[in-house]
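Scroll down for the structure; my scribbles are underneath it.
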Amino acid sequence: MGWEALEQWGDDVTRIEPLSGGVANDVWSLSINGRLAVGRLGARSDADLAWEVDLLQHLDREGLSVPVPISTMDGRWFVDGLVVMPFMEGRPPETEADWRRVADALRQLHGATQGWQQRPGWRSSTDLLHAETGTKVDLGAMPAEGVARCRAAWARVSGRPT
């Protein structure tokens, strides 16, 4: 269906311009009912997108500033790989105070996601302690010494003996 799926968000939806910086998705700024939003069209599975929506909603409830997806007219969070979210203004951290806020937000993010299941079909670094491949990782393509160092670091992070 592609961008035609935007009609599921109503009659007052317009693509404005493509946004740069992405790798795997087609991302555009949008106007939805006069509000600035972002549409992201990709090839992720419904299970993958449902996981992402659940995570964003969870992070929002935990007080993090995240773009909670905007539902379609019939209450769906995504249609045929398309997700629509509110536009969030941002800028890179510049001052020491900015960096402290970044560190605080990361601490809050890590606390809020402790024990959260990995994205469907993806592997965590702790999974890669024993697996050779995962998601976009092929440890067999790395030098053995590099794999050993990575696994030792992952084991330390997960609290396992190295």
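How many residues are touching a residue at least 24 places away in the same chain (Cβ under 8 Å), in a loop (DSSP other than H, G, I, E, B) and closer than 21 Å to ALA155 by Cα if we restrict to the range 97-143?
5
This table checks each residue for (1) of a type outside the set (Phe, Trp, Tyr); (2) closer than 20 Å to ALA50 by Cα; (3) at pLDDT 90 or above; (4) not assigned by TED's automatic domain parsing to the domain that holds ALA50.
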{"position": "ALA105", "(1), (2), (3), (4)": "yes, no, yes, yes"}
{"position": "GLN108", "(1), (2), (3), (4)": "yes, no, yes, yes"}
{"position": "ALA112", "(1), (2), (3), (4)": "yes, yes, yes, yes"}
{"position": "ARG149", "(1), (2), (3), (4)": "yes, no, yes, yes"}
{"position": "ALA155", "(1), (2), (3), (4)": "yes, no, no, yes"}
{"position": "SER158", "(1), (2), (3), (4)": "yes, no, no, yes"}
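Give the residue, chosen from ASP74, ASP127, that is at pLDDT below 90, closer than 29 Å to ASP46 by Cβ, over 18 Å from the mean Cα position of the chain (by Cα) and charged (D, E, K, R).
Answer to the check: ASP127.
Would you point out which residue out of ARG119, ARG149 is in contact with a helix residue (DSSP H, G or I) (Cβ under 9 Å, 6 or more places away or on another chain) and of a type in the set (D, E, K, R)?
ARG119
Of all residues in the range 78-96, which are touching a strand residue (DSSP E or B) at 6+ places or on another chain (Cβ under 7 Å) and in a loop (DSSP other than H, G, I, E, B)? Before you say what the answer is, go through the steps one by one.
Restricting attention to the range 78-96, the residues satisfying the condition of being touching a strand residue (DSSP E or B) at 6+ places or on another chain (Cβ under 7 Å) are 81-87.
The answer is GLY81, PHE87.
Please determine, by comparing only the residues of the range 47-64 that are loosely packed, with under 13 Cβ neighbours inside 10 Å and in contact (Cβ under 8 Å) with a residue 24 or more places away in the chain, which one is farthest from GLY121 (Cα to Cα).
GLY63
The values are calculated or read from the model by the stated rules, or taken from the named source; none is laboratory data. The shown structure was predicted, so the numbers you read here are calculated from the model rather than taken from an experiment. For neighbour counting, all protein chains shown are included, and Cβ atoms are generated from backbone atoms with ideal geometry for every residue, glycine included.
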